[in-house]
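**Q** What follows is a single structure, and I will ask about it in a moment.
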Amino acid sequence: MDATDSHTPESSATEKHHECVFEATEEIFRAACGLNLERCDDEGDLGNDGAVIGMISIVGDVEWSLFVGLPKSTAVSLAEAFAGFRIPFDSPDMGDAVGEVANILAGDVKRRLENRSVSASISLPNVIRAESLEVMVQRGTSATRACYSCDVGKIWTGVISPATAANLA
């Protein structure tokens with residue numbers, strides 16, 4: 001998992017809240033898709049054969065963009081496990097399936113944050129499909145992500161958030 005470079009008390013609290021994303025990822029993919037995820041080394045390659053990413057904004061006491069990244073082969077298998085029928089990668093239904101998985105994940109993250117007395121609202125999902133994808137973040141932001149391996153392939157989840165003043169120094 002990539003983490004912010006600074007480990008000030010403020011960034012440690014942010015990272016602690018980011019754990020809500022990773023805890024929810026493991027639970028939601030097991031419950032909604034029947035997949036047991038195991039964290040694995042993150043080689044940073046979301047797929048040169050195509051990838052799809054679902055993103056949702058979480059705002060309130062935190063300001064995050066949560067994402068789920070799936071290489072093409074993983075997306076097809078995951079969508080079938082989720083929907084119960086095959087969904088081609090280039091089908092509009094792929095966007096619906098990945099968007100709904102991201103929405104369920106964000107809903108569980110929101111619940112976990114609220115259990116920690118962190119108020120949050122979630123946006124509607126946005127889904128991007130691309131032939132090749134590199135995740136880049138702007139200056140003034142930090143990214144935390146985890147890579148998982150499961151029966152259908154690799155899955156990435158993560159959070160992009162404004163960096164704290166300590167992280168920008």
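**Q** Would it be correct to say that Ser142 is surrounded by 15 or more Cβ atoms within 10 Å (Cβ to Cβ), of a type in the set (Ser, Thr, Tyr), at pLDDT below 90 and on the phi < 0 side of the Ramachandran plot?
**A** yes
**Q** Taking the stretch 57-76, which residues are among the β-branched types (Val, Ile, Thr), farther than 18 Å from Asn126 by Cα and in contact with a Ser or Thr (Cβ under 9 Å, 6 or more places away or on another chain)?
**A** Val62
**Q** Shifting gears a bit: With (1) of a type outside the set (A, V, I, L, M); (2) touching a strand residue (DSSP E or B) at 6+ places or on another chain (Cβ under 6 Å); (3) under 19 Å from Gly107 (Cβ atoms) as the list, and Glu38 as the residue in question, which single condition is left unmet?
**A** (3)
**Q** Would you call Ser91 modelled with pLDDT of 90 or more, over 12 Å from the mean Cα position of the chain (by Cα) and closer than 15 Å to Phe67 by Cβ?
**A** For Ser91, the condition - modelled with pLDDT of 90 or more, over 12 Å from the mean Cα position of the chain (by Cα) and closer than 15 Å to Phe67 by Cβ - is not met.
**Q** Which of the residues spanning the stretch 77-94 are in contact with an Asp or Glu (Cβ under 6 Å, 6 or more places away or on another chain) and more than 19 Å from Asn126 (Cα to Cα)?
**A** Arg86
**Q** Scan the stretch 51-105 for residues that are more than 17 Å from Arg145 (Cα to Cα), assigned to a helix (DSSP H, G or I), without any contact (Cβ under 8 Å) to a residue 60 or more places away in the chain and touching a strand residue (DSSP E or B) at 6+ places or on another chain (Cβ under 7 Å) and jot them down.
**A** Correct list: Lys72, Ala75, Met94, Gly95, Val98, Gly99, Asn103.
**Q** Out of the residues in the stretch 36-79 meeting the condition of being over 25 Å from Asp90 (Cβ atoms) and of a type in the set (A, V, I, L, M), tell me which one is modelled with the lowest pLDDT.
**A** Val62
The values are calculated or read from the model by the stated rules, or taken from the named source; none is laboratory data. If you're wondering where the values come from, they're calculated on a predicted model, not measured in any experiment. All Cβ positions, glycine included, derive from the backbone under ideal geometry; neighbour counts span all protein chains shown.
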